[in-house]
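**Student:** One structure is given below, represented as structure tokens, and several questions about it will come after.
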Amino acid sequence: MNIAYRFRIYPTEEQKILLGKTFGCCRFLYNQMLNDKIREYDKTKKMLKNTPAMYKREYPFLKEVDSLALANVQLHLEKAYKNFFRDPKTGFPRFKSKHHSRNSYTTNVVNGNILVESKKIRLPKLKWIAMKKHREPAEGLRLKSVTVSMEPSGKYFASLLYEGYSCENQAAEPDYSTAKILGIDYAMQGMAVFSEKIETEEAGFFRKNEKRLAREQRKLSRCVRGSHNYELQKKKVARCHEKIRNKRRDHLHKLSRKIADSYDAVAVEDIDMKAMGQCMHFGKSVQDNGYGLFREMLDYKLAWQGKKMVKVDRFFPSSKKCCKCGRIKKELKLSERVYHCECGNEMDRDRNAAINIREEARRMLTA
Ligand SMILES: [Zn+2]
């Protein structure tokens, strides 16, 4: 069981230079190793077993950066390569470009080489970096690895991955026939509809900031590409994006925390979020509204307390069934936003579905 905490870090100018070198060396090594693997594959149809050590001789500058970061490059590449051979649909590993790939690297905890204190973190080769630790990791966790990244806006972050959880967090198994279960239906427009009302901060922030983002993007489109103003405006747009993304993540953390704390179990539809994003045209909105991210957060927060996330079969007629009398409609158009039933039940279509999902989970848990 792993849990990640992401904190902003404030490297000095000197540290920024070394971080930049590390990002660059990782990218360089990745591309070199991939290139050699491709050549070997073309010749022999086999995977070349290459290691960072083989490149350090030829490119001594690789020795200047954290060697664990380079070891992780090898692991990442091998994983991408294996994924490709197992499932060619995932695509062949691609070269990392300086302009379009993420600036990041991952390093591991080995013999106390990484230390975390209240306002700083010590990383291999970098010594102490100031860090804003806005919350305390739960107790009984062991730090496994740290991923350092630089966002397009120029801000730096450290994502700390911890493992392990203590059994003291586990709740006793409740009586599911009366337990508090929350049903969640995935709704295209919003993000998710719950089987009962959950008070959340309203989405006003996003609307306001999305308007601002649109305005800054329009300004960018009027700038001359490559000009000084263009670069400045590009940074502004990136900062806008980042602000929205952070706020959204924060909101999802709070919401999932609230649900995991106040319910005994959660029921969702068994939909493959990845497949959904890939094969349907609304991929962008699925990513944007963060339903997948939300489900992931909720899943580990529940597991943390020994609670269950129940997945209801995707062929279960959650939308067509009346949650009051159990009648199942033969047809329900997507345009029908309100569910009407002969029994007199009239309610929001997604709310009706969420209640059905909740009750189906209750049936599964008590069966
Ligand atoms: Zn009915």
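**Student:** Antiparallel as a % of all DSSP beta bridges within the range 181-366, to the nearest 5?
**Tutor:** 45 percent
**Student:** Once the piece of chain linking Glu173 and Lys16 is laid out straight, how much longer is it, given 0.36 nm per residue of separation minus the C-alpha distance between them? Don't jump to the answer; show the numbers that get you there.
**Tutor:** On the way: separation 157, 0.36 × 157 = 56.52 nm, distance 4.97 nm.
Residue separation times 0.36 nm, minus the Cα-Cα distance, leaves 51.6 nm.
**Student:** Using a cut-off of 11 Å between beta-carbons, work out the net charge of the residues near Tyr339 (Lys and Arg +1, Asp and Glu -1, Tyr339 not included).
**Tutor:** For residues surrounding Tyr339, the net value is +4.
**Student:** Provide Asp348, Asp185 in ascending order of the number of other Cβ atoms located within 10 Å of each residue's Cβ, fewest first. Mind dumping the intermediate values first?
**Tutor:** Numbers: Asp348 14, Asp185 25.
Going from least to most buried by this count: Asp348, Asp185.
**Student:** How far apart, in nm, are the 7 Å Cα→Cβ label points at Arg218 and Ser67?
**Tutor:** Label-label distance for Arg218 and Ser67, simple model: 5.6 nm.
**Student:** Pop the C-beta distance of Asn35 and Arg207 into the FRET formula with R0 = 41 Å and round what comes out to the nearest 0.05. Each step should come with its number before you reach the end.
**Tutor:** Working: r = 46 Å, r/R0 = 1.13.
Efficiency, rounded to the nearest 0.05: 0.35.
**Student:** Let me ask something additional. Compute the signed sum of charges (Lys and Arg +1, Asp and Glu -1) over the other residues within less than 15 Å, Cβ to Cβ, of Ala4.
**Tutor:** Working: positive: Arg6, Arg8, Lys133, Arg135, Arg142, Lys144, Arg249, Arg257, Lys301; negative: Glu136, Glu163, Asp250, Glu296, Asp299.
Taking every Cβ under 15 Å from that of Ala4, the sum is +4.
**Student:** Contour minus end-to-end for Ile328 and Lys45, with contour as 0.36 nm per residue of separation and end-to-end as the Cα-Cα distance? Can you show the working numbers first?
**Tutor:** Working: separation 283, 0.36 × 283 = 101.88 nm, distance 5.49 nm.
Taking Ile328 through Lys45 to full extension adds about 96.4 nm, to one decimal.
**Student:** Would you tally the net charge around Trp128, using a Cβ to Cβ cut-off of less than 9 Å, leaving Trp128 out, and scoring K and R as +1, D and E as -1? It would help to have the intermediate numbers written out before the result.
**Tutor:** Working: positive: Lys120, Arg122, Lys127; negative: Glu117.
Neighbourhood net charge equals +2.
**Student:** Using a 7 Å offset from the Cα along the Cα-to-Cβ direction at both Asn246 and Glu117, what is the distance between the two label points in nm, to one decimal?
**Tutor:** Here the answer is 2.4 nm between the modelled labels.
**Student:** Quick one: order Phe157, Phe61 by neighbouring beta-carbon count within 10 Å, fewest to most. Let's see the in-between values first.
**Tutor:** Details: Phe157 17, Phe61 11.
In increasing order of surrounding Cβ atoms, one gets Phe61, Phe157.
**Student:** Fewest first, what order do Lys46, Lys301, Lys243 take by the number of other Cβ atoms within 10 Å?
**Tutor:** Values: Lys46 9, Lys301 20, Lys243 15.
Final ranking by Cβ density, sparse to dense: Lys46, Lys243, Lys301.
**Student:** Give me the percent of DSSP beta bridges within the chain that run antiparallel, rounded to the nearest 5. Mind dumping the intermediate values first?
**Tutor:** Details: 39 of 47 bridges.
Among the beta bridges of the chain, antiparallel pairing accounts for roughly 85 percent.
All of the numbers you see were taken from the coordinates with simple rules; none came from a lab. Keep in mind it's a predicted model, so treat the numbers as computed, not measured. Using ideal geometry, Cβ is built from the backbone for each residue, glycine included, and neighbour counts are taken over all protein chains shown.
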